[in-house]
Amino acid sequence: MAQFSMKELKTNEAYADATQAGRVMVEFYANWCPDCKRIEPYFDEWENKYQPDFTMVRANRDELPDLGEKLEVLGIPTFIAYEDGKEVARLFSRDAKSKEQVESFLNNAYQK
């Protein structure tokens, strides 16, 4: 497993707490997901690059199935951008297969 410092949200309560204030980017993933593994090496770089603008966290879709269902996370990886508890942008799995696709989303997620 890759070693990076991105905080993992392990419970529905932790997810609610983490996304209620400020700008938070959540990545939903699964351990068996090849596209998730392909982008994992970039997490430290992204965390450092975007830290002034938003916090990055992740949640395992398989470990939080009720939350994934509630949020309609059907494919992984899925990135959801929150601002003060409200979803403001989402990157669906079909568009999150490369570093370039994810970075394009991260660069623009909070643009008004």
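The values are calculated or read from the model by the stated rules, or taken from the named source; none is laboratory data. None of the values given here were measured: they were computed from a predicted structure. Note that each Cβ is placed from the backbone with ideal geometry, even for glycine, and that neighbours are counted across all protein chains shown. Heads up: the accessible areas ignore ligands, DNA and RNA and are worked out on the full protein's heavy atoms, side chains in. Shrake-Rupley method; radii C 1.70, N 1.55, O 1.52, S 1.80 Å.
Under 9 Å between Cβ atoms, at least 6 apart or on separate chains: pull out the pairs that start in the range 4-24 with a residue that is closer than 15 Å to ILE80 by Cβ and in a loop (DSSP other than H, G, I, E, B) and end on any residue that is open to solvent by less than 50 Å² (accessible area, probe 1.4 Å) and among the aliphatic types (A, V, I, L, M).
So the pair list comes out as MET6/MET56; MET6/VAL57.
Just the residues that are among the charged types (D, E, K, R) and assigned to a strand (DSSP E or B), please, taken from the range 55-72.
Of everything in the range 55-72, just one residue is among the charged types (D, E, K, R) and assigned to a strand (DSSP E or B), namely ARG58.
Would you point out the residue of the range 48-103, among those that are acidic (Asp, Glu) and over 17 Å from ASP35 (Cβ atoms), that is least open to solvent (accessible area, probe 1.4 Å)?
My answer is GLU83.
Does ASP17 satisfy the condition of being modelled with pLDDT of 95 or more and surrounded by fewer than 12 Cβ atoms within 10 Å (Cβ to Cβ)?
Yes; evaluated as a whole, the condition is true for this residue.
Here is a check on your reading of the model: is GLY75 assigned to a loop (DSSP other than H, G, I, E, B), touching a residue at least 12 places away in the same chain (Cβ under 8 Å) and out of contact with any Gly (no Cβ under 9 Å at 6 or more places or on another chain)?
Criteria met by GLY75.
Condition check: assigned to a helix (DSSP H, G or I), surrounded by 14 or more Cβ atoms within 10 Å (Cβ to Cβ) and in contact (Cβ under 8 Å) with a residue 12 or more places away in the chain. Does ARG38 satisfy that?
Yes, satisfied.
Within the range 53-84, track down each residue that is within 16 Å of ALA96 (Cβ to Cβ) and acidic (Asp, Glu).
Residue satisfying the conditions is GLU72 alone.
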